[in-house]
1. On the basis of being under 17 Å from I187 (Cα atoms) and not assigned by TED's automatic domain parsing to the domain that holds I214, does T109 make the cut?
2. Looking at L42, L59 in this structure, which one is open to solvent by less than 30 Å² (accessible area, probe 1.4 Å), part of a helix (DSSP H, G or I) and within 15 Å of the ligand (Cβ to nearest atom)?
3. If you scan segment 27-39, which residues turn out to be part of a helix (DSSP H, G or I) and open to solvent by 10 Å² or more (accessible area, probe 1.4 Å)?
4. Looking only at segment 197-228, count how many residues are assigned to a helix (DSSP H, G or I), within 22 Å of G15 (Cβ to Cβ) and in contact with a Gly (Cβ under 6 Å, 6 or more places away or on another chain).
5. Can you tell me which residues in segment 86-115 are among the polar types (S, T, N, Q) and surrounded by 15 or more Cβ atoms within 10 Å (Cβ to Cβ)?
6. Would you check if there is a residue in segment 135-157 being within 16 Å of the ligand (Cβ to nearest atom), in the same structural domain as I168 (by TED's automatic domain parsing) and more than 27 Å from H172 (Cβ to Cβ)?
7. For segment 6-22, name all the residues that are open to solvent by 10 Å² or more (accessible area, probe 1.4 Å), near the ligand (Cβ under 9 Å from one of its atoms) and in a loop (DSSP other than H, G, I, E, B).
8. Restricting to segment 204-235, name every residue that is within 11 Å of the ligand (Cβ to nearest atom) and not aliphatic (A, V, I, L, M).
Amino acid sequence: MNQKRYQGYLIDLDGTLYRGIEVIPGAVHFMKRLVEQNIPYLYLTNNSSRLPEQVAKHLRGFGLPATPEQVYTSALATAQYVQKNYPGSKVLVVGEEGLRHALIEVGMTVTDHEPDVVVAGIDRSFDYEKLKRASLAIQDGATYIATNVDRVLPTEEGYLPGSGTINIAISHASDTKPIVIGKPETIILQYAMDLLHTKPDETLIVGDNLETDILTGVRGGVDTLMVTTGVHSRQDVEKYNITPTFVVDYLDKWEI
Ligand SMILES: [Mg+2]
């Protein structure tokens, strides 16, 4: 089906490689072929809560080949963006360990006191106090950055409030729109391609979500492989009017 040999793969996690506690059929075979053929890849996730080593361990638990260096999260991309554009800044964080750690790693000072930047992502202990502090800081002139704006987070319990839902609250309270880093924005894509050392026309994005994974490719001029094992189906392609370059029902149908 594919005519081209891609030099780098950017692969989504949930709905693409696993669903809840189950690995998706074909995913392990697909990843093993990438490894056999020495094709560089990154696992690309909007989830900012976990550390790369935790994500890699989780993937290895499914039999998927993963090192921490092969995991690129919206937390890492956000930290990179802050480091590049607001070096040495004081950052107020609404988020979990993965985000906090990523910002500290690149030399930022994490503080609630007079921050230059407010960064917000998924935070499962989000409350009125955090909303208040973030909103006041933004109103006082701090730059407002969201790791991603995914409305919900798929879990075994169902669809839980995601980073997008938290950011709607902060955005509404502060009357300010955030700079968004994660998929479908292309900031995370650009940084990921820099890590892979690939150009847009040498890269393939693999994912299940038209509104995040596939739209990232459309916006960034990168080919996309949609797999119908997650949130969207072939019928959704027309409905959303977002067109992947390729569609497969299972990843082992893809010839690398
Ligand atoms: Mg997904």
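The values are calculated or read from the model by the stated rules, or taken from the named source; none is laboratory data. If you're wondering where the values come from, they're calculated on a predicted model, not measured in any experiment. Virtual Cβ from ideal backbone geometry, glycine too; neighbours counted across all protein chains shown. Ligands, DNA and RNA are excluded from the accessible area calculation, which covers all protein heavy atoms including side chains. Shrake-Rupley method; radii C 1.70, N 1.55, O 1.52, S 1.80 Å.
1. Values: under 17 Å from I187 (Cα atoms): no; not assigned by TED's automatic domain parsing to the domain that holds I214: yes.
For T109, the condition - under 17 Å from I187 (Cα atoms) and not assigned by TED's automatic domain parsing to the domain that holds I214 - is not met.
2. Working: L42 fails: part of a helix (DSSP H, G or I).
After ruling out the rest, the residue left standing is L59.
3. To start, the set of residues in segment 27-39 that are part of a helix (DSSP H, G or I) comprises 27-36.
If the condition is that a residue be part of a helix (DSSP H, G or I) and open to solvent by 10 Å² or more (accessible area, probe 1.4 Å), then V28, H29, K32, R33, V35, E36 are the ones that fit.
4. Taking segment 197-228 first, the residues assigned to a helix (DSSP H, G or I) are 200-202, 210-220.
Then drop every residue that is not within 22 Å of G15 (Cβ to Cβ), which leaves 210-220.
Pick out the ones that are also in contact with a Gly (Cβ under 6 Å, 6 or more places away or on another chain) and you get 213.
Of the residues in segment 197-228, 1 are assigned to a helix (DSSP H, G or I), within 22 Å of G15 (Cβ to Cβ) and in contact with a Gly (Cβ under 6 Å, 6 or more places away or on another chain).
5. Step one: of segment 86-115, the residues among the polar types (S, T, N, Q) are 89, 109, 111.
S89 - this is the single residue of segment 86-115 that is among the polar types (S, T, N, Q) and surrounded by 15 or more Cβ atoms within 10 Å (Cβ to Cβ).
6. Here is the first cut: in segment 135-157, the residues within 16 Å of the ligand (Cβ to nearest atom) are 147-156.
With in the same structural domain as I168 (by TED's automatic domain parsing) added as a condition, the list becomes 147-156.
Still in the list and also more than 27 Å from H172 (Cβ to Cβ): 156.
There is at least one residue in segment 135-157 that is within 16 Å of the ligand (Cβ to nearest atom), in the same structural domain as I168 (by TED's automatic domain parsing) and more than 27 Å from H172 (Cβ to Cβ).
7. Correct list: D12 only.
8. Within segment 204-235, G207, D208, N209, E211, T212, D213, T229, G230, H232 meet the criteria.
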